[in-house]
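Right, one structure below, let's go through it.
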Amino acid sequence: MSDYNTALNECMQIDGAMGVALVETATGMALATAGNPVGIDLTVAAAGNANVIQAKLRTMKDLGIKEKLEDVLITLDSQYHILRTFGREDGIFLYLVLDKAKANLAMARFRLAKIEGALTL
């Protein structure tokens with residue numbers, strides 16, 4: 001088990017990590033951040049990505065999908081953005097920004113899932 005500071009520090013050790021935020025889905029508020037990705041305000045991005053999670057959850061509900069949302073991947077020209085929901089408590093997600101040239105996407109998703117699984121709030 002790890003606290004959120006430890007979890008965010010572990011996220012920053014993932015190859016290619018540029019920044020990470022622990023985000024409340026309902027409000028989009030970044031509860032904690034680490035890193036300083038160039039050109040990205042993590043608090044603004046957290047709010048926008050909360051809208052992405054909310055939209056996906058509404059769509060799943062509309063479709064009658066009863067499964068749990070694990071993560072959402074957004075791919076840009078030079079970056080990956082991973083939104084990883086918190087498995088034990090609804091309403092929280094980890095937002096990780098990766099440099100595409102330095103990251104191994106499969107390994108990043110694996111490590112982020114492990115970090116999320118050990119995180120206690």
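Just a few scattered comments:
- Residues satisfying the stated conditions in segment 2-33, i.e. open to solvent by 30 Å² or more (accessible area, probe 1.4 Å), hydroxyl-bearing (Ser, Thr, Tyr) and part of a strand (DSSP E or B): Thr33
- Residue list for segment 34-47, filter: touching a residue at least 40 places away in the same chain (Cβ under 8 Å) and not in a strand (DSSP E or B): Pro37, Ile40, Leu42, Ala45, Ala46
- Checklist (1) more than 14 Å from Val23 (Cβ to Cβ); (2) in a helix (DSSP H, G or I) applied to Glu67, failing item: (2)
- Residue in segment 80-91 that is more than 19 Å from Ala32 (Cα to Cα) and not polar (S, T, N, Q) present: yes
- Taken as a whole, the structure leaves Lys56 outside the set of residues that are part of a loop (DSSP other than H, G, I, E, B) and at pLDDT 95 or above.
- Segment 76-112: number of residues that are touching a residue at least 24 places away in the same chain (Cβ under 8 Å), over 14 Å from Asp15 (Cα atoms) and open to solvent by 30 Å² or more (accessible area, probe 1.4 Å): 6
- Where Ala50 falls short, out of the listed (1) part of a helix (DSSP H, G or I); (2) without any contact (Cβ under 8 Å) to a residue 12 or more places away in the chain: (2)
- Single residue of segment 36-50 satisfying the filter (more than 13 Å from the chain's Cα centre (by Cα) and open to solvent by 60 Å² or more (accessible area, probe 1.4 Å)) that is farthest from Ser78 (Cα to Cα): Val44
The values are calculated or read from the model by the stated rules, or taken from the named source; none is laboratory data. Since the model is a prediction, treat every value here as computed from it, not as a measurement. Neighbour counts run over all protein chains shown; Cβ positions are idealised from the backbone, glycine included. Accessible surface areas use protein heavy atoms only, side chains included; no ligands, DNA or RNA. Shrake-Rupley method; radii C 1.70, N 1.55, O 1.52, S 1.80 Å.
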